[in-house]
Each structure stands twice: as C-alpha cells, then as structure tokens.
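One structure is given below, encoded as structure tokens.
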C-alpha cells in the first residue's frame, strides 16, 4: 500500500469515516508493513487496539449482559436526575411569580398612603418644674451607672478567669 493511500485511510479512520474493511486494512498494514517514522505513534495505537481485541475474546462469560444492565441503570438514574431538576426549575418559576404578585400587592397598598403625613405627635414636656426634671434625670443616670459598673466588674472577673485558664493550659502544653 502506498504511503499516500495509507495516510488517507488513517485520516478517514480518525474522522470516523471508515468501514470495517478499511479498518482491517489499516490493522494489517500496521501489523505487517514497515511504517514511516511520522506514523510510529499511530502504529503503537493500533497495536494496543489489537491487544485489546485479543483480551476481549478472553472476557468472562456474562460480562456483556452485566455491562448492558449497568448502562441501563445509569441511564435511568440520569433520567431521574434531570427530571428532578426540571421539577425544581418549575418550582423556581412558581416561586418567582408568587413573589412578583406579592410585591405588586404590597406596592398597591403602599401607593395610596404615600401622600399622607403620618408623623408621630409632637413631643411634650413631662415636667413643668426644671428642678424636678433635673432630679429625675440625676437619679436615672446614677441607676444606669450603678448597673454599668456591676457589669464591668463581672466582665473583669471573667477576663481574669480566662487569663488564669490560658496560663494553666500553656503550662500543661510546655511540660
């Protein structure tokens, strides 16, 4: 076989345009003929294909039926996967439509109330005597200060406990 014909058949094989007879010609040519240097990798490929064909003949009985069953199971799993995603996609659509409807209803209720002034009533003085207001404020601030100081004391005690625990842990780790 000429090198040009050989390369043409090889190109057809790689494109998937060869029939079984042409593939057999290629296998025979790689098996028997001397191959030009630029086709040595192709020769190795065809030799590995020939070895695999021999190995397929020695395959255990029932392997083909097991493989077919596994392929069918995987195809069924794939169908279920895509079916679930389709259902999920439908729920996304329904959720989006429901959210849009709720948004439009909310806007519909809000638009009539936009122009109305709904300000809180004006603040009024609770004390008529400024001295009484000052005494009430002073008593409130003293109470807040007392409770704040108690909280600060508890935080400081906790901080000291944490430092003690950290020190003990470091001592245990260093031993």
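Would you be able to tell me the number of residues in the stretch 4-31 that are in contact (Cβ under 8 Å) with a residue 12 or more places away in the chain and either surrounded by 12 or more Cβ atoms within 10 Å (Cβ to Cβ) or not in a helix (DSSP H, G or I) (or both)? I'd like the intermediate steps shown before the answer.
So the first thing to find is which residues in the stretch 4-31 are in contact (Cβ under 8 Å) with a residue 12 or more places away in the chain, and the list is 6-7, 9-10, 13, 22, 25-27, 29-31.
Applying the additional criterion that residues be either surrounded by 12 or more Cβ atoms within 10 Å (Cβ to Cβ) or not in a helix (DSSP H, G or I) (or both) yields 6-7, 9-10, 13, 22, 25-27, 29-30.
Number of matching residues: 11.
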TODO: Scan (1) in contact with a helix residue (DSSP H, G or I) (Cβ under 8 Å, 6 or more places away or on another chain); (2) at pLDDT 75 or above for the single condition residue 49 breaks and write down its number.
DONE: (2)
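The values are calculated or read from the model by the stated rules, or taken from the named source; none is laboratory data. All figures in this text were calculated on a predicted structure; none of them were measured in a lab. Cβ coordinates were reconstructed from backbone atoms using ideal geometry, including for glycine residues, and neighbour counts include every protein chain displayed.
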